[in-house]
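Visitor: Got a structure for you, questions after.
The values are calculated or read from the model by the stated rules, or taken from the named source; none is laboratory data. Keep in mind that this is a model prediction, so the values were computed, not measured. When we count neighbours, we look across all protein chains shown, and the Cβ atoms used for this are built from the backbone with ideal geometry, even at glycine. Ligands, DNA and RNA are stripped out before the accessible areas are found, and what is left, the full protein with its side chains, is counted by its heavy atoms. Shrake-Rupley method; radii C 1.70, N 1.55, O 1.52, S 1.80 Å.
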Amino acid sequence: MLDYTKKEKYDRTALRVNPAKTCQPVGAMYAALGVHECMPHSHGSQGCCAFHRMFLTRHFKDPAMASTSSFTEGASVFGGGSNLKTAAKNIFDIYNPKIIAVHTTCLSETIGDDLNAFIQDIDIPEGKYMVHTNTPSYKGSHITGFSNMVASFISYLSVSSGNKNGKAVLMPGFVNPGDMRELKRLATALGVSYTMLPDTSGVLDSPMTGKFEMYPKGGTTVEEIIALGNSELTLAFGKFASEAGAETLKKKCGVPYNLLPIPIGISRTDEYIIALQAFSKTEVPYDIEEERGQLVDILIDIHPYTYNKKVAIFGDPDTVLGITEFVLEMGMIPKYVLTGTPGDAFVSAAEALFTKFGVDGCIAKAGGDLYELHQWIKEDGIDLIIGGTHGKHIARAEDIPFIRAGFPIIDRYIHSYMPLVGYKGGMRLAEMITNALMDRQDRDALEEDFEMVM
Amino acid sequence: MSVLENVLDQYSSRVYKNRKEHMVDVNNNENNNQIAANVRTIPGIITQRGCCYAGCKGVVLGPIKDALQIVHGPIGCSYYAWGTRRHKGKTEEGVDNYLQYSFSTDMQEPDIVFGGEKKLKKAIAEAVDLFHPSTIFICSTCPVGLIGDDIHAVAKAAEKEYGIKCIAYSCEGYKGVSQSAGHHIANNQIMRYVIGEGDREIKSKFAVNILGEYNIGGDGWETERILKRIGYEVVSTFTGDSSIEDLKNAHKANLSLVQCHRSINYIAEMIEERYGIPWMKVNFIGVQGTIETLRNIAKYFNDEELTAKTEVVIADEIGLIADDMAYYKSKLKGKTAAIYVGGSRAHHYQFLLHDLGVSTILAGYEFGHRDEYEGREVLPFIKPDADSKNIESITVEPDKEKYHLYLPEEEINKLKEEKLIDYYGGMIKDMANGTYMVDDLNHFETEEFLKRLKPDIFFSGIKDKFVAQKSGILSRQLHSYDYSGPYSGFRGAVNFARDVTMGIYTPAWSFVKAPWKNTPVLEGTLGGE
């Protein structure tokens, strides 16, 4: 398993080995799926769309519908304008969405297709919409693409009528439908009326009904996106995935925003609850306090198994930072923290957490890859790996327990229904972490040390 | 209105005209079962097709385990082809295995603006330093073709500088109309730079290559097991669990067995031209299919002992699975299936389903050409269009030293006339009257056909799997076998039968409708009584 990975340091500047990120368009596609009756459209050759649908489907085990401009060589030379025009006609005609959300690929970006001009030129049926975002694959990562699509929905659609509607905007970031449901549950519990954008709950965790729905019940409606301009405040989760959207809404419609970390773990969830409370000016209900207390109780109970355990965390920046803070709250040491998405803000945020909890010798890196993470692990070992499916090879090669959290998880089921955010998400994450470590302790125990009670 | 008309009728006239050509009501259509295939998809139509890069890197090259494959482009393309196509490969002593790795130049904006060759060269240098591979492949992605990086020149320079084999593939995604273009591009380069270079000693005259076998779920291993039992020597497999070291020796075999016709017939033909080795279309999917294939191969080699051993092995293998197959047949008999997958599988799996008493009522290929549907007799009538002309087609000459014939020419010609070798009859000849054949079946048509034909099972890929399941129809992936397998040969048939049976009989199907949807549970009183 990964036999060629050596621990010796080697400075690579050109070769990416086992990436911890993928390209922008898949993020844009995911964001667009979180809008009700929206057809995500990939403007480029059809392979991109196929790959992205394949990947989202494998993660969510639910249909991920999207269309493509199906470029061939001609379009690559002469531009994709006529392809988009034909595509728009066919999409409205056959699939009848309320809105088409176009994102570019590295192909249409490189030839310089002017999507804005193309869309101006298209006959969009009455009451229907078409928006676009630029998602060059050679910049940023899938998180950047997600963030760009959210911002584009707002800049195309949201308007301020001058009448505030008393609502908060929740921008959940690149998280699972299960997380979105939990964020909404907490908002409701605190008496906050909200619109979430995007909202893939109900779309990518839709129920089995015996009838396929191209546009399931979930997703932010176009009307809701338009009305975002009348909101009081945006709560944007995660600098990388949500700040651009919140900033766009502020610039366009003057809606102020509060940039929060994705609420994974106790203090981050506390921060969310406080923000909700500040918005609705209601008491925190006992139910929520009870949940929080349960999570704290759990962490105290399990501390002998988690304290000072060293862990490597990789994945998307906002999620990784959340998990990092939570494992620090559990007394663990986030020895290696890595994201494939570039951006110095990740490193400074991670280092601030190391300082806050007084841990030494931890490494944080943005724009890294799993080959490098593996090298670090070989250099100085750890007790647990947390990340997406692609970590399983390292876990096996080094015989380290592995729990799956984040994106993508393509070798397990059910994860997308279960939150990592909120106190409930914390309980789940704590359970997965503790069980993985305790399973390992059982496995490694001598027969005479094999305990019934732990 | 017929089923086809019903589906088509919902399209605008332009789409109608285009898609009509891709549909055949077998033996009932005015067009004498002619079908349009290997032509562009329509922008905006939700096709399940992939791209040229997917066919080249993802399908044909991906399984070659000892070639370190650098994808030159932005990160995504390399990422999506990393361990996702499920071609299994064993790590062997003395043979490199890079299957668990993904290598990319991860091009950034400056590389697009100023050119990416420098970065590619550096990436090769780093790969050589870190991995010491004997072979490096370079695959290009969309923007590389546009900005004009000369990956072939970079490859040549690298060969010289590092004394390794370095082959470049210009398989930009926008080329051609589907994965098919990429298969062709991969085939050309393997023929040019790999086959014929080896000098391994071949021990048996019953030496074969297995072509178009990608070892999904271990299919290739099961096929090899049966062939070896009979006494064949497998010289190379293209390209499941394959290595450059094996492929180099492919010219030493005496027969090429072609499993997936679409992805590899180019190599099969070129091997015959250059080295005199005929090819035979085989099918190791299905019990009867496997038996027929084994007998055909024995017929070609025309050796009494081999023929006798073939029958012994067949009888023994059937004996071992007979009870299982009879049980599963009793559970599945009378069910109906629709298949939409690949460029051969939609044909092959009909044999296996037939073994189990399941009839196929709709079948189609994702990237097949007309010959996969109508048979190779249609080849002279296929007019090349702009898209196919854009894909390089190479011709080869007989190799004076290495050309060899196993059978005398007149016997070869006789077998050709009998259509035993160098022939593929296509799918339609095995489909019953009144069934449907649809090329490039798109999402809309899938939904409509499922509604109208109500098959019990829909075999497809991941993108349409859950569409079928959400509408209450079992779907199994035939690209990845839903992480089961092998499905080939005798043992594979049992695996397949087991998987389909558990899918059909899974109790959860009975819970799809909530009970309160069928029976009223609210009790009330009328008029306050």
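Visitor: What is the antiparallel percent of DSSP beta bridges lying wholly in the protein assembly as shown, to the nearest 5?
Guide: 10 percent
Visitor: Answer with one residue from A:G178, A:A168, A:I124: the one whose Cα lies farthest towards the positive end of the charge dipole of chain A, charges on Cβ with Lys, Arg +1 and Asp, Glu -1.
Guide: It is A:I124.
Visitor: What average number of partner chain Cβ atoms lie no more than 10 Å from the Cβ of the residues making up A:207-215?
Guide: Average neighbour count from other chains, rounded to a whole number: 6.
Visitor: Calculate for chain A the 222 nm mean residue ellipticity that helices alone would give, adding -39,500 (n - 2.57) per DSSP H run of length 4 or more and normalising by residue count, nearest 500 deg cm²/dmol.
Guide: Rounded to the nearest 500, it is -14000 deg cm²/dmol.
Visitor: Positive end of the dipole of the protein assembly as shown, charges at C-beta (+1 Lys, Arg; -1 Asp, Glu), about the Cα centre: which of B:A315, B:A497, A:G81 has its Cα farthest in that direction?
Guide: Sorting the options by dipole projection puts first A:G81.
Visitor: Next question. With +1 on each Lys and Arg Cβ and -1 on each Asp and Glu Cβ, how big is the dipole of segment A:24-157 about its Cα centre, in debye rounded to the nearest 20?
Guide: 400 debye
Visitor: Now for a separate question. Give me the base-10 log of I(q)/I(0) for segment A:327-454 at each q in 0.13, 0.22 Å⁻¹, Debye formula, one uniform scatterer per Cα, rounded to two decimals.
Guide: -0.62, -1.57
Visitor: Once you treat every alpha carbon in segment A:24-157 as an equal point and sum by Debye, what is log10 I(q)/I(0) at q = 0.11 Å⁻¹?
Guide: -0.32
Visitor: Take the cross-link list A:K392/B:K121; A:K139/B:K118; B:K299/B:K383; A:K21/A:K252; B:K203/B:K309; B:K20/B:K383 and give me the ones stretching past 26 Å between alpha-carbons.
Guide: A:K392/B:K121; B:K299/B:K383; A:K21/A:K252
Visitor: Here is a further query. Simple spin-label model, 7 Å along Cα-to-Cβ: A:D121 to B:K160 in nm?
Guide: So the label points at A:D121 and B:K160 sit 4.5 nm apart.
Visitor: Can you give me the long-range amide H partners of B:N283? Hydrogens built in the peptide plane at 1.01 Å from N, cutoff under 5 Å, separation of 5 or more residues or another chain.
Guide: B:T293
Visitor: What full-extension length gain, to one decimal in nm, is calculated for B:N302 and B:W516 as 0.36 nm per residue of separation minus the Cα-Cα distance?
Guide: 70.3 nm
Visitor: Moving to a separate point now. Solvent-accessible area per residue for chain A at a 1.4 Å probe radius, Å²?
Guide: Each residue of chain A exposes 36 Å² on average to a 1.4 Å probe.
Visitor: Now for a separate question. Of all DSSP beta bridges located in chain B, what percent are antiparallel, nearest 5?
Guide: 10 percent
Visitor: Next up: Kindly report the accessible area of chain B per residue (heavy atoms of protein chains, probe 1.4 Å, no ligands, DNA or RNA), in Å².
Guide: On a per-residue basis, 39 Å².
Visitor: List the residues of segment A:85-110 whose accessible area drops by at least 40 Å² when all protein chains are present, compared with their chain alone, using a 1.4 Å probe and counting only protein heavy atoms.
Guide: Listed by number, the residues meeting the 40 Å² cut-off are A:N90, A:I94, A:Y95, A:C106, A:L107, A:T110.
Visitor: Enter the per residue convex hull volume of segment B:52-194, computed from alpha-carbon coordinates, in Å³ rounded to the nearest integer.
Guide: 101 Å³
Visitor: I'd like the FRET efficiency for A:K378 and B:S204, computed as 1/(1 + (r/R0)^6) with the beta carbon distance as r and R0 of 41 Å, rounded to 0.05.
Guide: 0.40
Visitor: Across bins of 5 angstrom width beginning at 0, how are the C-alpha pair distances of segment A:168-280 distributed, in whole percent?
Guide: Bin by bin from 0 Å, the calculated values are 2, 12, 22, 24, 20, 11, 5, 3, 1.
Visitor: At a 1.4 Å probe radius, which order do A:E109, B:E317 fall into by accessible area, largest first?
Guide: A:E109, B:E317
Visitor: Taking a probe of 1.4 Å and counting only protein heavy atoms, give the total accessible area buried between chains A and B in Å², rounded to the nearest 100.
Guide: For A against B, buried area totals roughly 6700 Å².
Visitor: Shifting gears a bit: For A:54-60, what's the mean count of beta carbons from other chains sitting within 10 Å of each residue's beta carbon?
Guide: 4
Visitor: Using the crude model of +1 on Lys and Arg Cβ and -1 on Asp and Glu Cβ, and no other charge, please compute the dipole size for segment A:117-179 relative to its Cα centre, in debye to 20.
Guide: The calculation lands at about 260 debye.
Visitor: If you line up the Cα atoms of segment A:226-342 on their principal axes, what length do they span on each, largest first, in Å?
Guide: Projected onto its principal axes, the Cα set of segment A:226-342 covers 50, 41, 15 Å.
Visitor: Right, another one. Report which residues of segment B:55-101 become buried by 50 Å² or more of accessible surface when going from the isolated chain to the complete set of protein chains (1.4 Å probe; DNA, RNA and ligands ignored).
Guide: B:I75, B:Y79, B:Y80, B:W82, B:T84, B:Q100, B:Y101
Visitor: Shifting gears a bit: Suppose every Lys and Arg Cβ carries +1 and every Asp and Glu Cβ carries -1, with no other charges. What dipole size does segment A:73-144 come out with about its Cα centre, to the nearest 20 debye?
Guide: So the magnitude is around 220 debye.
Visitor: Quick check: at a probe of 1.4 Å, how many percent of the accessible area of the protein assembly as shown sits on carbon and sulfur atoms?
Guide: Exposed carbon and sulfur together represent 50 percent of the surface.
Visitor: Over chain B, with a single point scatterer placed on each C-alpha, what log10 of the ratio I(q)/I(0) does the Debye formula yield at q = 0.09 1/Å?
Guide: For chain B at q = 0.09 Å⁻¹, log10 I(q)/I(0) is -0.67.
Visitor: Once the dipole of chain B is set up with Lys and Arg at +1 and Asp and Glu at -1 on Cβ about the Cα centre, which of B:V282, B:G116, B:N254 lies farthest towards its positive end?
Guide: Highest projection toward the positive end goes to B:G116.
Visitor: Report the calculated FRET efficiency for B:E21 and B:A432 (r = Cβ-Cβ distance, R0 = 30 Å), to the nearest 0.05.
Guide: My answer for the efficiency is 0.85.
Visitor: Further question: Each label point is 7 Å from the Cα along the Cα-to-Cβ direction; what then is the distance between the points at A:K217 and A:K281, in nm?
Guide: Between A:K217 and A:K281, the simple spin-label model gives 3.4 nm.
Visitor: Over the Cα atoms of chain A, compute the convex hull volume and normalise it per residue, giving Å³.
Guide: 161 Å³
Visitor: Now a separate question. Taking 0.36 nm per residue of sequence separation and subtracting the Cα-Cα distance, how much length would be gained by fully extending the chain between B:D316 and B:V113, in nm to one decimal?
Guide: Result for the pair: 66.7 nm of gain on full extension.
Visitor: Show me the ranking of peptides B:72-79, B:352-359 by mean Cβ neighbours inside 10 Å, starting with the highest.
Guide: B:72-79, B:352-359
Visitor: Can you compute the modelled spin-label distance between A:K250 and B:A386, with each label point 7 Å from Cα toward Cβ, in nm?
Guide: 4.9 nm
Visitor: While we're here: For segment A:124-138, state which residues have at least 20 Å² less accessible area in the presence of all protein chains than in their chain by itself, taking the probe as 1.4 Å and leaving out ligands, DNA and RNA.
Guide: With the partner chains in place, segment A:124-138 has these residues losing at least 20 Å²: A:S137, A:Y138.
Visitor: In whole Å, what are the extents of the protein assembly as shown along the principal axes defined by its C-alpha atoms, from largest to smallest?
Guide: Projected onto the principal axes, the Cα atoms of the protein assembly as shown cover 94, 75, 63 Å.
Visitor: Could you rank the peptides A:63-75, B:367-379 by their average count of other C-beta atoms within 10 Å per residue, with the highest value first?
Guide: A:63-75, B:367-379
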